[in-house]
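For reference, the structure discussed in these notes is given below.
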Amino acid sequence: MPLRRPVDRWLLFFAVMLMAIGMVWVYSASWVRGASGGGGAATAFLVRQLIAGMLGLVLMLLLTQLDVAALQENIRPLQIAYGGLMVLLIAVLIIGPKVNGAHRWIRLGPFGSIQPSEIFKPLAVLMAAAWMVRNREAWNDGFGSLPKLVQLFLIFIPPMGLILLQPDLGTAFLIIFVVMLIVFLGGAPRWIFAVTMPILGLVGFLFIWMTPWRWARIIAFLDPWADPQGKGHQAIQSLLAVGSGGLLGVGPGQGQQKYFYLPEAHTDFIYAVIGEEAGLVGTVTVLALFMGILWRGYRIARRSTDSYLRLVAMGLTLLLVVQALMNMSVVLSLAPNKGIPLPFISFGPNSLITSLICLGLLMSISKDASA
Amino acid sequence: MDPRDRRLLTGRLGAFQAAAVGMVCVLLAVYAWLQLVRHGDFQQLALSQAVKERNVPAPRGIVYDRNGHRLVDNRKALHLVIAEEDLPRDPAVVEALAAALGLDAEPLKRKIHTWRQGSKGRSLVLMENLDEAGIALAERVRSRFPFLGVDMAPRRVYLGDELAGHLLGYVGEVDDVLMKKEPGLYQLGEIVGKDGFERASNERLKGQDGAKKVLVDQLGREVAVSGQAPAKAGRSLYLTLDAGLQRTIQEAFGEEKGAAVVLDLRDGGVLALYSSPSYDSNIFLNRLSQEMVDRYIRHPSKPMVNRVTQGIYAPGSTWKLLMAIAGLEKGVIRPETVIYCAGRKNYYGRDFRCDKPEGHGGLSLVGAIAQSCDVYFYEVASRMDIDDIYATAEKYGLTVPTGIDLPFEKTSRVPSRDWKWKARKEKWYAGETISVGIGQGAVGLTPLGLARFYALLGTKGKLLTPHLFWGFRNEATNLVEPAPTPPMKDTGLDPRIWSYLDQGLAQVVENGTAATNPFVRQIAKEIPFSGKTGTAQVATFVDKSHYARQAKELKDHAWFAGYAPRDNPQIAFVFIAENAGFGSTSAAPMAAKAVKYWCVDRLQDPLPPPGGKIPDRFKPAEKPEEGL
């Protein structure tokens with residue numbers, strides 16, 4: 001029986017800080033939209049986010065009691081979850097409403113909606129880590145490792161395909177990226193990456209190049225000022241928001257960019273609103289909090305005695321942090337916009353709950369550190 | 001745990017650490033650069049796009065008549081507009097919009113183009129003064145063209161229908177011609193006076209537009225107002241006009257064409273100025289329908305011409321007073337000089353006929369004026385050179401515009417050798433001078449110019465400047481703050497000469513040409529007044545017995561000019577009724593009605609105000625209309 005430690009309180013602290021900041025700016029960025037929406041309440045979005053936060057915290061506390069290590073031996077729960085999410089991912093395409101040209105949610109009436117692709121993220125980490133650990137013998141076997149990797153690839157093809165069909169390139173990209181990191185950290189031979197990376201890159205490029213609106217986004221990303229009113233609009237408005245913030249910002253709630261200039265001000269571009277209203281201090285604080293999560297996650301992974309838990313801990317940490325860095329890059333126009341929310345902060349009940357699930361799993365792992 | 005495993009993980013994690021740190025450094029650097037170094041630029045950019053400056057149109061001043069009756073007021077109006085940042089670029093969109101609104105596409109395209117050049121926060125108005133049907137149309141069209149907006153702005157309302165159309169004029173959006181004529185003075189889309197007093201006193205009436213800074217969302221909707229410089233309403237003002245007198249004259253004219261003007265002899269203030277047919281200024285606030293264009297602009301009766309200031313008519317016998325002055329001053333006649341009228345007289349081989357075929361017999365000056373004897377004034381003219389007549393006319397202010405504060409005033413035409421040479425490249429023939437002697441031939445006067453001359457007779461020689469602007473309204477007391485009276489010039493008319501003219505004019509009404517009309521006689525019994533009839537020939541007829549059967553358009557214009565009351569005159573007036581025959585039968589009765597109103601009715605029973613309300617002069621100040 002391994003030694004037990006108390007849960008990582010720092011991790012919890014960083015996450016709660018991020019959530020608190022998130023609540024402030026979800027309100028700041030959404031009150032006009034909320035007030036002018038159907039319900040008419042300025043707090044409409046905030047309330048939904050708060051409810052999701054409560055629900056997520058409960059889930060998180062439950063998950064801290066979960067024995068994650070057991071999942072490497074008994075993969076039945078993972079298989080069930082995988083099967084269930086596949087059903088949901090198919091259901092999204094069929095019964096999910098089309099919002100902004102994509103099917104992402106399944107409406108549950110008064111209970112909000114669920115976004116299966118979001119919930120799939122932590123499952124992908126658990127699955128990939130389990131696969132890497134269960135087949136660890138194969139990784140030192142040169143070409144013998146190839147069938148195992150192909151099998152892993154095949155496991156991920158159906159859900160990725162369904163997510164791309166929604167279409168949700170950003171989430172698919174994020175999941176593939178994190179899975180590949182787990183594969184890398186799990187000990188897969190380096191030459192695999194030397195071969196697969198260019199292939200994946202080419203496939204990705206073709207995929208984007210063949211869909212005109214995705215291509216247009218890339219073009220807009222490369223030169224937003226070429227079409228400031230049209231395709232470059234988001235990028236420019238985001239830069240304007242961040243740039244006009246200065247060192248200390250214009251003050252919470254005082255920003256102007258969020259009023260219909262900044263698209264998705266309360267979700268994908270909430271970091272830009274923070275940049276405008278809280279300035280460099282705000283952007284750096286949020287960045288620092290994510291670095292804190294990276295630090296604690298890395299520490300949990302390092303101190304864990306179990307290979308599986310290490311991989312899961314690293315995978316979950318990276319899932320949160322990579323997502324955050326991608327979002328921040330988009331806000332800065334360093335990366336094309338792919339609709340990735342900022343974990344813990346962006347409005348989105350599904351995203352928040354998923355982030356808290358990741359956090360619960362990480363905290364569960366943090367208790368196990370026998371070395 | 002496999003130690004090899006451990007090493008592997010740690011080693012590969014190290015690579016990660018480096019990548020993460022690198023990424024964070026990049027992000028930090030970019031954020032710091034954006035938020036510290038480029039902060040200023042971005043802030044400027046963000047502000048300039050989010051905050052739009054919008055023009056807040058100021059209401060123009062309200063116009064009152066001299067008794068405080070409202071003539072022009074302001075109301076709120078809705079306009080269908082496009083804000084400057086929403087101007088559509090796609091020609092197909094513009095065409096569809098024009099089709100939906102029933103406008104012409106090409107002018108709209110040009111207008112959108114001009115607006116893009118520099119509208120300075122002023123929205124482009126597509127449809128003005130929306131009525132209920134217009135609002136319904138606007139709402140329908142807006143669902144297809146979301147960039148359309150509806151603005152509330154003050155609009156003009158002219159009270160009293162056609163009471164004072166020519167005098168007040170109307171307002172409208174400043175046009176290209178005016179913009180080019182006085183660059184820098186007007187702004188695109190500004191509402192300016194286009195005609196009448198509105199135009200002449202544009203600077204007095206116009207307010208100072210305000211500006212507001214509004215936060216505009218991507219769809220151009222105003223989200224919040226962040227700063228405001230309130231619009232300053234134009235000052236309200238009083239005209240010298242008497243709306244009751246104006247109405248009396250309007251009613252006197254009825255359907256007759258013609259013109260009338262009444263001047264205040266104290267200062268030259270215009271008490272009434274009516275051009276018939278008149279128009280309702282309100283019609284010109286909106287885009288005219290074809291029907292309206294036909295009715296107002298293309299109609300043969302020329303309702304848009306202000307006949308008082310722009311109509312040039314042969315003065316006929318009203319001109320004889322100037323001839324009398326010229327003759328007396330030149331010394332070719334004396335007041336008591338008797339000239340014999342046999343009904344006609346031959347000059348330069350041509351017979352010039354008198355109005356009275358059997359002749360007036362021997363008449364001195366006073367009698368010649370009273371009986372309007374043509375032969376007397378042929379003789380006076382024949383004893384002078386045309387340039388002498390011109391010099392006299394010049395001395396008494398008939399050769400220049402009167403300087404009234406109305407636009408497009410025409411100058412009366414008094415012939416001279418010089419004039420004829422310039423105009424027709426011909427020399428002057430002495431025979432022409434004879435016709436000028438009775439106000440025919442080349443001589444043509446505006447009714448206003450003639451009125452000024454009769455005001456000169458009424459004031460014993462003062463050359464007044466007719467004017468409509470009396471003074472601004474004191475907002476605290478509601479009383480007029482009289483503006484300085486425009487210049488008056490003493491012409492130095494010999495009082496002895498004047499007294500003969502005065503006598504003549506009095507006799508015209510007492511027992512002369514005007515006394516043939518019973519109505520005039522009756523009024524003159526009550527309020528003695530002085531005046532002169534006149535008949536301006538439109539066509540020459542050999543046989544006047546057919547006169548009654550002639551087509552209306554070929555009938556002569558009838559004049560009556562004079563002043564009242566006879567002793568201590570207060571007003572001078574000129575009436576001309578087009579194609580109405582003799583001055584005594586049509587113009588003189590109208591003048592008599594005006595005189596009666598001014599001297600009697602006005603004091604006993606003033607007309608109810610034309611649609612406005614009389615301000616109580618003892619009431620505390622009214623609040624100026626807000627938001628108008």
Residue check: is A:I163 crowded, with 22+ Cβ neighbours inside 10 Å and either modelled with pLDDT of 80 or more or more than 14 Å from chain B (Cβ to nearest Cβ) (or both)?
-> yes
Of residues in the stretch B:396-429 being among the β-branched types (V, I, T) and under 13 Å from B:F453 (Cα atoms), the one surrounded by the most Cβ atoms within 10 Å (Cβ to Cβ) | B:T402
Among what's in the stretch A:51-82 and is within 20 Å of the chain's Cα centre (by Cα) and more than 17 Å from A:L359 (Cβ to Cβ), pick the residue that is surrounded by the most Cβ atoms within 10 Å (Cβ to Cβ).
-> A:Y82
Restricting attention to the stretch B:276-308, the residues that are out of contact with any Pro (no Cβ under 8 Å at 6 or more places or on another chain) and either part of a strand (DSSP E or B) or closer than 14 Å to B:G258 by Cβ (or both) number exactly 4
If you go through the stretch A:282-299 one residue at a time, do you hit one that is assigned to a helix (DSSP H, G or I), among the β-branched types (V, I, T), touching a Gly at 6+ places or on another chain (Cβ under 7 Å) and over 20 Å from A:L63 (Cβ atoms)?
-> yes
Test set (1) over 60 Å from the mean Cα position of the chain (by Cα); (2) away from chain A (no Cβ under 12 Å); (3) modelled with pLDDT under 80 - B:M1 fails condition number | (2)
Could you grab me the full set of residues in the stretch B:14-27 that are closer than 12 Å to A:V284 by Cα and at the interface with another protein chain (Cβ under 7 Å from one of its Cβ atoms)?
-> B:V24, B:L27
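Out of the helices (runs of 4 or more DSSP H) lying entirely within the stretch B:366-441, which hold 1 or more residues that are over 20 Å from B:K330 (Cα atoms)?
B:417-424
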Look through the stretch B:80-128, keep the residues that are small (G, A, S) and more than 31 Å from the chain's Cα centre (by Cα), and return whichever of them is surrounded by the most Cβ atoms within 10 Å (Cβ to Cβ).
-> B:A83
Mind listing whichever residues of the stretch B:507-532 are under 18 Å from B:Y454 (Cβ atoms) and in contact with an Asp or Glu (Cβ under 9 Å, 6 or more places away or on another chain)?
-> B:T513, B:A524, B:P528, B:S530
Taking the condition closer than 23 Å to A:G201 by Cβ and surrounded by 22 or more Cβ atoms within 10 Å (Cβ to Cβ), does A:K148 pass?
-> no
Scan A:L262, A:L319, A:L332, A:L280 and give me the residue that is over 22 Å from B:Q44 (Cα atoms) and either in contact with a helix residue (DSSP H, G or I) (Cβ under 7 Å, 6 or more places away or on another chain) or modelled with pLDDT of 85 or more (or both).
-> A:L319
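Residues checked against (1) in contact with a strand residue (DSSP E or B) (Cβ under 8 Å, 6 or more places away or on another chain); (2) over 20 Å from A:E118 (Cα atoms); (3) free of Cβ contacts under 8 Å to residues at least 12 places away in the same chain; (4) not basic (K, R):
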position	(1), (2), (3), (4)
A:R296	no, yes, no, no
A:S304	yes, yes, no, yes
A:A313	no, no, no, yes
A:S346	no, no, no, yes
A:S351	no, no, no, yes
List every residue pair whose Cβ atoms lie under 7 Å apart, where the two residues are 6 or more positions apart in sequence or sit on different chains, the first residue falls within the stretch A:150-172 and is under 21 Å from A:A324 (Cα atoms), and the second residue, located anywhere, is polar (S, T, N, Q).
-> A:I163/A:S117; A:I163/A:T171; A:D168/A:S117; A:T171/A:S117
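Going through B:A368, B:A393 one at a time, which residue ends up being buried (at least 20 other Cβ atoms within 10 Å of the Cβ), aliphatic (A, V, I, L, M), on the phi < 0 side of the Ramachandran plot and over 35 Å from the mean Cα position of the chain (by Cα)?
Going through B:A368, B:A393 in turn, the sole match is B:A368.
Results for (1) at pLDDT below 80; (2) within 12 Å of chain A (Cβ to nearest Cβ); (3) farther than 24 Å from B:G118 by Cβ, shown as yes or no for each residue.
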{"position": "B:A29", "(1), (2), (3)": "no, yes, yes"}
{"position": "B:L36", "(1), (2), (3)": "no, yes, yes"}
{"position": "B:Q43", "(1), (2), (3)": "yes, yes, yes"}
{"position": "B:S48", "(1), (2), (3)": "yes, yes, no"}
{"position": "B:N55", "(1), (2), (3)": "no, no, no"}
{"position": "B:D65", "(1), (2), (3)": "no, no, yes"}
Report, by residue number, each residue of the stretch A:175-197 that is at pLDDT 85 or above, surrounded by fewer than 21 Cβ atoms within 10 Å (Cβ to Cβ) and either away from every other protein chain (no Cβ under 14 Å) or closer than 25 Å to A:I95 by Cβ (or both).
-> A:I176
Identity of the residue in the stretch B:377-392, among the hydroxyl-bearing types (S, T, Y) and in contact (Cβ under 8 Å) with a residue 40 or more places away in the chain, that ends up nearest to B:Y348 (Cα to Cα) = B:S382
Filter the stretch B:284-305 for residues that are in contact with a Phe, Trp or Tyr (Cβ under 8 Å, 6 or more places away or on another chain) and in contact (Cβ under 8 Å) with a residue 24 or more places away in the chain; which is surrounded by the most Cβ atoms within 10 Å (Cβ to Cβ)?
-> B:F284
Would you check which residues across the stretch B:326-348 are in contact (Cβ under 8 Å) with a residue 60 or more places away in the chain and over 22 Å from B:T392 (Cα atoms) and list them?
-> B:Y347, B:Y348
Apart from one, (1) exposed (fewer than 13 other Cβ atoms within 10 Å of the Cβ); (2) assigned to a helix (DSSP H, G or I) all hold for B:P487; the odd one out is (2)
Got at least one residue in the stretch A:336-343 being in contact with a helix residue (DSSP H, G or I) (Cβ under 7 Å, 6 or more places away or on another chain), touching a residue at least 12 places away in the same chain (Cβ under 8 Å) and within 13 Å of chain B (Cβ to nearest Cβ)?
-> yes
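The values are calculated or read from the model by the stated rules, or taken from the named source; none is laboratory data. Quick caveat, the model's predicted, so the values are computed rather than measured. So basically every Cβ, Gly included, is an ideal-geometry build from the backbone, and we count neighbours across all protein chains shown.
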